1. Of all residues in the range A:219-263, which are in contact (Cβ under 8 Å) with a residue 40 or more places away in the chain and β-branched (Val, Ile, Thr)?
2. Just a yes or no: is a residue in the range C:264-271 within 11 Å of another protein chain (Cβ to nearest Cβ), closer than 17 Å to C:Leu85 by Cβ, surrounded by fewer than 24 Cβ atoms within 10 Å (Cβ to Cβ) and not β-branched (Val, Ile, Thr)?
3. Among the residues of the range C:154-172, are any assigned to a strand (DSSP E or B) and open to solvent by 10 Å² or more (accessible area, probe 1.4 Å)?
4. Can you tell which of C:Ser372, C:Ser419 is among the small types (Gly, Ala, Ser), open to solvent by less than 60 Å² (accessible area, probe 1.4 Å) and within 30 Å of C:His331 (Cα to Cα)?
5. Are there any pairs with C-beta distances below 7 angstrom linking a residue in the range C:48-75 that is touching a residue at least 60 places away in the same chain (Cβ under 8 Å) and closer than 15 Å to C:Gln259 by Cβ to a residue that is open to solvent by 40 Å² or more (accessible area, probe 1.4 Å) and of a type in the set (Lys, Arg), with the two at least 6 apart or on different chains, and if so which?
6. Output yes when any residue across the range B:162-170 is open to solvent by less than 10 Å² (accessible area, probe 1.4 Å) and facing chain C (nearest Cβ under 9 Å), and no when none is.
7. Checking the condition of a type in the set (Asp, Glu), out of contact with any Leu (no Cβ under 9 Å at 6 or more places or on another chain) and surrounded by 24 or more Cβ atoms within 10 Å (Cβ to Cβ), which residue from C:Glu291, C:Glu231, C:Glu297 passes?
8. Tell me yes or no: at least one residue of the range C:240-258 is small (Gly, Ala, Ser), outside any strand (DSSP E or B), more than 7 Å from every other protein chain (Cβ to nearest Cβ) and buried (at least 24 other Cβ atoms within 10 Å of the Cβ).
Amino acid sequence: MEKRIYPAPPQQVYLFGTCLIDLFVPEAGMDALRLLEQAGVAVDFPMGQSCCGQPAYTSGNEASARTVAAAQMALFQEDWPIVVPSGSCAGMMRHHWPKLFAADPVLGPRAKVLAERTFELTEFLVEVLKVDFAALHAQSTVAPPPIKVALHTSCSARREMGTRSHGLALLRALPGVELVEQKNEAECCGFGGVFSLKHPDISGAMVADKTAAIEASGCDQLVSADAGCLCNIGHAAEHQGRALKVEHLASFVARRLRGEAQS
Amino acid sequence: MNARHRILAKLRNALPVENDMQAAPAVAGYYAANTLAPQTCQERVAQLRGLLQAAHAEVIVASRAAWVSLLAVRLAALGVGRLALNEDTEEGRQLAATLRESSGSVTLLPFDKPIETWKQELFDTVDAGFTVADSAIAATGTLVFKSSPAQPRSLSLVPPLHVALVRAETIHAHMFAAALEEQWAAAMPTNLVMVSGPSKTSDIQQTLAYGAHGPKQMLVVIVSGEGESA
Amino acid sequence: MSTQTTTQPLQFHPSADFKNRSREALADTKLRQNFRGAMDFLRGKRSAQFPDENELENLRDLGEAVRKHALRNLPQLLEKLETQLTANGVQVHWAETAEEANAIIHGIAVGRGAKSVIKGKSMASEEIELNDYLGERGITCVESDMGEYVVQLAHEKPSHIVMPAIHKTKGDIAELFHEEIPDTPYTEDVDELIQIGRKTLRQMFVDADIGLSGVNFAIAETGTLWLVENEGNGRLSTTIPNTHIAIMGIEKVVEKLEQVIPLASLLTRSATGQAITTYFNLISGPRRPGELDGPREVHLVLLDNGRSQAFEDAELRATLQCIRCGACMNHCPVYARLGGHAYGTVYPGPIGQIISPHLLGLDDTRDLPTASSLCGACAEVCPVRIPIPQLLIRLRTEAQRNPGEAVAHRLKGQGASYSLGEQLVWKFWTGAYAHPSLHRIFRWLATRLRAFAPKQQMGWTRFRTPLQPAERSLHDLMAERKGNRL
């Protein structure tokens with residue numbers, strides 16, 4: 001993966017909330033906003049936003065993906081970074097939008113510019129804002145009790161965006177948080193968008209192995225910076241009757257900084 | 001139109017330009033930049049020996065004067081009764097002479113006739129084959145054999161014990177250096193074989209086992225100025 | 001002259017019921033365990049071979065450059081290869097289809113009055129199902145690669161392209177040998193099992209009229225076939241019988257000998273985690289006058305069988321960069337759970353999912369491109385950087401395309417998964433997500449009617465509790481924060 005060169009911290013950013021967070025994990029979007037604001041950055045949430053187009057793109061419906069993506073591209077007129085609390089959607093915008101519009105003389109160059117401005121949330125907090133979470137934590141009046149967490153990095157976050165290290169850096173900076181290892185951590189949880197609908201048996205087998213490995217890690221809860229994986233792992237664990245708590249990384253960090261033990 | 005024409009026509013139709021050879025991949029540049037080559041002959045001997053041993057071969061490093069008697073002793077100790085070899089090489093002649101003189105128990109089977117005349121005998125009754133490697137490769141622990149009338153292909157392949165002699169000065173740092181320095185591409189033998197140990201397989205439950213179809217054992221003699229003397 | 005007019009190679013087992021077979025495979029606990037163990041082992045072996053990430057990435061760059069260069073020049077390299085091989089005394093044959101390749105090989109065998117063929121490992125020969133073809137015509141083919149031998153003895157198909165019997169335990173093989181090979185006591189000792197295989201096959205190398213092998217790389221400038229193996233059966237098959245027939249896909253040629261060196265290194269390290277295999281066997285011609293052994297005749301069969309379809313499309317052409325190391329399947333979470341047989345194709349796993357549609361057409365392989373979470377583990381380890389997830393997406397597009405749509409490079413079976421219903425869903429989705437005003441209504445409905453979220457959500461709820469929208473969407477929360485009206 002090419003090593004990314006990061007810009008200086010900006011005054012203001014766009015937040016792209018993603019369609020899954022919008023409908024299913026909205027508090028993660030609010031926590032992403034809080035973390036950015038806490039770091040002294042103004043956040044603009046364009047109300048016209050919906051989805052990066054990935055569901056259509058990965059299922060082979062390029063035209064639909066293009067239509068939906070193009071509708072988002074019009075929203076980011078200012079020269080601000082676009083922060084995305086999802087490695088998967090950030091990967092779509094950063095790596096696949098330019099390909100989708102490669103043949104378009106107007107949107108092609110535009111997609112490239114936006115791709116350069118797109119950052120995954122943890123990547124942005126660690127590499128661009130260089131937030132000192134330990135110092136922020138020290139300001140909080142209550143110290144939350146120690147906790148063991150397992151981190152799940154989505155495949156796009158790991159392989160397209162290279163942001164596993166940022167998730168780890170964030171968690172390691174938080175006092176009282178112990179990271180525990182899970183077996184086959186790098187393996188996909190089985191979500192894969194439409195894959196989980198088209199091949200439910202295979203996807204089901206993958207997530208069953210994942211939940212078992214997470215539970216065996218001895219963690220108190222799982223965190224991930226991708227809502228797709230969280231929904232998959234969380235709802236599978238619930239179906240299996242496991243008492244596994246899952247939470248978006250942004251919410252977990254925001255909560256620890258507030259000194260809260262439980263969400 | 002036959003299959004050949006149809007296939008080639010289809011491929012040609014798909015390409016924007018007819019000939020794009022100029023953008024050749026930078027293989028030489030890669031090996032110049034990325035390979036830490038052992039510099040001295042001694043280092044190469046050590047690397048070759050270590051890797052061959054790791055690949056389950058037995059290695060003797062011996063001087064020019066001593067190798068033949070050391071090998072004769074080792075062959076006797078291994079209980080080699082019937083040894084096939086080709087006496088068109090200097091070392092083949094030397095070994096044959098030594099074994100004949102030593103009046104030991106080794107029967108020599110000169111590989112000087114087409115395989116068809118003694119195929120069954122070669123497969124069933126020969127304990128070992130003696131070969132002289134054309135060169136070797138330190139980085140991978142590899143011996144190089146080029147087929148010729150003096151270097152039958154099956155001598156390093158059919159007998160259960162493969163005895164191979166390699167001269168230390170023919171050891172190259174790595175495979176690219178071997179191909180370049182020996183100019184392999186300019187004159188390929190009918191069969192160039194690189195051998196990196198006795199035959200093996202992991203086809204049963206990923207468990208490594210030696211002696212699959214080729215030699216079960218390999219004994220390599222590295223003849224070096226710095227080798228052990230008798 | 002196009003692929004549409006060639007006959008469907010019937011010898012492949014149809015992959016139409018992939019979903020049923022995958023369900024069966026998933027339910028087979030022992031199979032799951034075998035593959036999990038084998039995959040973990042092979043992943044570890046590979047990663048131990050690449051301790052230096054820079055070296056690995058540079059070598060992958062070089063490997064990709066070599067393969068791309070070869071494909072950019074494929075027609076003239078094939079001609080050059082043919083010219084050089086012919087000058088070396090090798091007879092070159094071209095086959096557009098599996099049927100043609102089988103007929104060519106059968107013709108050679110008949111011409112020599114051959115009764116038996118000893119085979120080194122060849123996936124191309126599996127692809128054309130040569131053993132069955134010759135067997136039906138009275139010529140016996142015996143597989144000599146230990147894994148292939150096990151699979152043949154069990155009347156099965158390889159489940160992995162590098163380790164054909166990877167689905168079997170030593171206990172399975174002990175039982176198989178005990179039952180199928182006369183006077184063989186039951187033993188689970190792997191050394192003993194290998195020696196049983198060795199002893200049983202040894203005479204066949206002596207007796208066989210023809211040795212048949214695959215090819216790992218062919219070198220155009222020298223007219224050389226480069227074979228990679230550990231067991232020595234490949235060398236025996238190509239050295240002992242009077243006639244050697246090699247078969248290879250047309251994509252395997254490279255320009256120069258020096259260019260194979262990085263590819264061979266990538267191959268062995270990626271496939272089995274070996275710095276090098278026991279034998280690199282470079283064949284440039286039959287026995288010359290004065291030489292005492294080696295085949296008197298060497299033939300090469302160049303096989304297209306759908307490869308030129310992939311070649312015709314600039315994006316899909318990358319499929320042909322493959323050097324068949326199998327690292328993609330070793331690292332694939334789907335393959336690790338299904339094993340190779342469920343795919344129903346000769347090439348399983350990610351590489352099979354992108355090559356099989358060209359060999360068989362999308363009609364018979366429609367479920368393969370979607371059987372991936374697009375996790376990217378395959379592309380991450382591919383030694384020649386084939387963008388496998390990207391190609392899977394492209395094949396999904398082609399499978400869903402209206403069968404009647406005219407495109408520049410039509411794939412066999414275009415529109416095999418075309419569904420009006422799905423098109424309607426995507427139309428609705430596109431409308432709801434591309435227009436802010438419609439999306440606002442959609443969000444409003446989804447959150448306000450959340451109590452009515454269906455309890456059965458297609459495949460999702462077989463293994464998970466149902467998804468239910470939040471009470472208020474992120475848009476709602478943001479609007480509230482801004483003090484804006486939604």
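The values are calculated or read from the model by the stated rules, or taken from the named source; none is laboratory data. Worth saying up front: this structure is predicted, and the values here are computed from it rather than measured. When we count neighbours, we look across all protein chains shown, and the Cβ atoms used for this are built from the backbone with ideal geometry, even at glycine. Just so you know, the surface numbers come from the protein's heavy atoms only, side chains and all, with ligands and any DNA or RNA stripped out. Shrake-Rupley method; radii C 1.70, N 1.55, O 1.52, S 1.80 Å.
1. A:Val223, A:Ile233, A:Val253
2. Within the range C:264-271, none of the residues are within 11 Å of another protein chain (Cβ to nearest Cβ), closer than 17 Å to C:Leu85 by Cβ, surrounded by fewer than 24 Cβ atoms within 10 Å (Cβ to Cβ) and not β-branched (Val, Ile, Thr).
3. The answer is no, given that none of the residues of the range C:154-172 is assigned to a strand (DSSP E or B) and open to solvent by 10 Å² or more (accessible area, probe 1.4 Å).
4. Of the residues listed, the single one that is among the small types (Gly, Ala, Ser), open to solvent by less than 60 Å² (accessible area, probe 1.4 Å) and within 30 Å of C:His331 (Cα to Cα) is C:Ser372.
5. C:Arg60/C:Arg385; C:Glu64/C:Arg385
6. no
7. Working: C:Glu291 fails: surrounded by 24 or more Cβ atoms within 10 Å (Cβ to Cβ); C:Glu297 fails: surrounded by 24 or more Cβ atoms within 10 Å (Cβ to Cβ).
Residue meeting the stated conditions: C:Glu231.
8. Checked against the condition, which is being small (Gly, Ala, Ser), outside any strand (DSSP E or B), more than 7 Å from every other protein chain (Cβ to nearest Cβ) and buried (at least 24 other Cβ atoms within 10 Å of the Cβ), the range C:240-258 yields no hits at all.
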